[in-house]
Structure formats: structure tokens, C-alpha cells
């Protein structure tokens, strides 16, 4: 969930999955999937940062992801069906 601030300084919590679009006109306006519009004090960049941080927490609730520091986004294979990857590479043509 995102903790945002309305223009009247009231805190509102928003599910980022329900945000359809956001724009700055100049205030940041969220268009929700329900059709409701919500104007908040946070900038678009701050909103994006919060959404990215939320997604990271949801995907990796216990800390760093296995691909942190790897630009490819793919984790290396170290095991396959309980076998060390080096054992597998020599069997049946690398399967």
C-alpha cells in the first residue's frame, strides 16, 4: 500500500494496483480504476518511487532479491532437481 497525502494534508492509503493513471496538472492527480480521481501532494517522481519500493517489498519481503546487482534480471542456476549444476552439465549433453 502507498501512504500519500491529500492537498488538505490528510493521509490516505492507496492500493497501487488500483491506480489507472497519474499525471501532474500541476498537482499530482491519480485516476483510479474505479473512476475516482485523487489529488495528492507527492510529485510523480515520489509516487513512482513509492510504487517501485512497494513492488520490491511484495516480491522480496525478506530482503534482497537473488538478482540484486545483476543487470540481466536473471538469477544464476546453481541447482537443478537437487543436483549441483556442475554435475548436470556433464550428463546427457548438458541437460
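Work out, step by step, the length gained on full extension between residue 34 and residue 19: first 0.36 nm times the residue separation, then minus their alpha carbon distance; give nm to one decimal. Present the calculation step by step, with values, prior to reporting the outcome.
Working: separation 15, 0.36 × 15 = 5.40 nm, distance 0.88 nm.
That works out to 4.5 nm of additional length.
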- Length added when fully stretched, residue 27-residue 48, from 0.36 nm per residue minus Cα-Cα: 6.1 nm
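Each reported figure results from applying straightforward, stated rules to the coordinates on display, with no laboratory input. Computed from a predicted structure; not experimentally measured.
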